[in-house]
Amino acid sequence: FKFVVMDPPHLLGSENGHMLRQYGWLNRESWKEDIKKGFDECWRVLDDFRVLIFKWNEASIKRKEILEVIQRGTLFLLPFFL
């Protein structure tokens with residue numbers, strides 16, 4: 001693929017709460033491994049001249065932690081405000 005958009009759950013939690021039920025959640029014990037596997041799969045299927053867009057909300061996990069987990073640099077970080 002030349003273009004992939006990744007929008008994983010970004011909240012740590014369980015089945016409690018509307019946001020968690022609506023959008024899903026990351027397991028508190030395995031979130032790092034789960035996110036790393038997701039990114040690895042995105043990079044695996046992308047072509048040489050690739051674009052990966054990753055949507056993230058820092059409500060539970062800060063962007064710095066995600067970047068440490070995926071072990072890849074970024075070229076652009078675009079803040080998003082509603």
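The values are calculated or read from the model by the stated rules, or taken from the named source; none is laboratory data. Please read all numbers here as calculations on a predicted model, not as lab measurements. Virtual Cβ from ideal backbone geometry, glycine too; neighbours counted across all protein chains shown. Ligands, DNA and RNA are excluded from the accessible area calculation, which covers all protein heavy atoms including side chains. Shrake-Rupley method; radii C 1.70, N 1.55, O 1.52, S 1.80 Å.
Quick notes
- In segment 31-54, the residues that are modelled with pLDDT of 90 or more and outside any helix (DSSP H, G or I): 46, 47
- Residue satisfying all of: in segment 40-55; exposed (fewer than 15 other Cβ atoms within 10 Å of the Cβ) and not charged (D, E, K, R); farthest from residue 71 (Cα to Cα) among these: 49
- Scan of segment 31-49 for residues that are of a type outside the set (Asp, Glu) and out of contact with any helix residue (DSSP H, G or I) (no Cβ under 8 Å at 6 or more places or on another chain), ordered by number: 31, 37, 38, 42, 43, 44, 45, 46, 49
- Residue count, segment 61-74 (criterion: open to solvent by less than 70 Å² (accessible area, probe 1.4 Å) and part of a loop (DSSP other than H, G, I, E, B)): 2
- Taking (1) part of a loop (DSSP other than H, G, I, E, B); (2) in contact with a helix residue (DSSP H, G or I) (Cβ under 9 Å, 6 or more places away or on another chain) in turn, residue 28 satisfies each apart from (2).
- Flag for residue 58 being in a loop (DSSP other than H, G, I, E, B) and either at pLDDT below 85 or open to solvent by 100 Å² or more (accessible area, probe 1.4 Å) (or both): no
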